[in-house]
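Report on one structure; see the data block that follows.
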Amino acid sequence: MKLNSIGLPSEAAQILAAELNVLLANFQIYYQNLRGLHWNIRGKRFFDLHLKFEELYNDSQIKIDLIAERVLTLDAVPLHTFEDYIKNNKLEIVKNIHKDEKAIEIIIASLSKLLTIERVILKKSGEIEDEGTNSMMSDFIAEQEKTIWMLKAWQHD
């Protein structure tokens with residue numbers, strides 16, 4: 001079995017990198033959706049949500065970089081074109097959303113789909129003992145589960 005530069009099975013690491021690229025593409029769509037929500041939100045909760053959406057897109061921008069760097073660490077190339085992002089996207093692409101409740105529903109649905117992708121990666125990274133990817137996915141999952149809980153709590157005011 002051939003190992004890559006960090007001691008993981010090369011073929012399995014390439015498969016894992018492909019899954020990470022799917023996650024990367026979906027995070028790029030999520031990020032852009034958040035930017036649109038941030039810009040277009042209206043209503044009495046504008047100030048709170050405008051800031052929250054900015055917090056979420058700044059966080060997703062950091063995660064995008066972490067994912068791309070992990071793909072590189074696995075000796076692969078991160079996706080970096082809008083064409084690739086659209087081709088690998090599993091999230092709803094939204095446009096001109098103004099209502100607060102609809103915006104929160106979109107974020108919860110997006111995070112739920114990202115969690116599904118991350119759990120696949122977590123399983124595969126565990127199978128090849130890729131602790132770097134495993135740790136990153138565990139951190140993402142825990143944080144996003146908490147965010148979903150908080151957003152769902154917001155829905156029940």
By how many nm would the segment from Ile141 to Lys95 lengthen if fully extended, with 0.36 nm per residue of separation less the alpha-carbon distance? 13.9 nm
Taking the Cα atoms only, what angle lies between the long axis of helix 131-155 and the longest principal axis of the chain, rounded to 10 degrees? 10
Treating only the Cα positions of the chain as identical point scatterers, give the base-10 log of I(q)/I(0) from the Debye formula at each q in 0.21 Å⁻¹. -1.31
Here the relative contact order (percent) of region 1-86, from C-alpha pairs under 8 Å and at least 6 apart, is 41
Calculate the spin-label point distance for Asp48 paired with Trp154, positioning each point 7 Å from the Cα along the beta-carbon direction, and give it in nanometres. 0.9
If one computes the Cα centroid of region 11-43 and of region 98-157, what distance in Å separates the two points? 12
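Throughout, read-outs are computed from the coordinates displayed, never taken from laboratory work. Treat the numbers as computed from the prediction; the structure is a model and nothing was measured. Cβ atoms come from the backbone with ideal geometry, glycine included; neighbour counts cover every protein chain shown.
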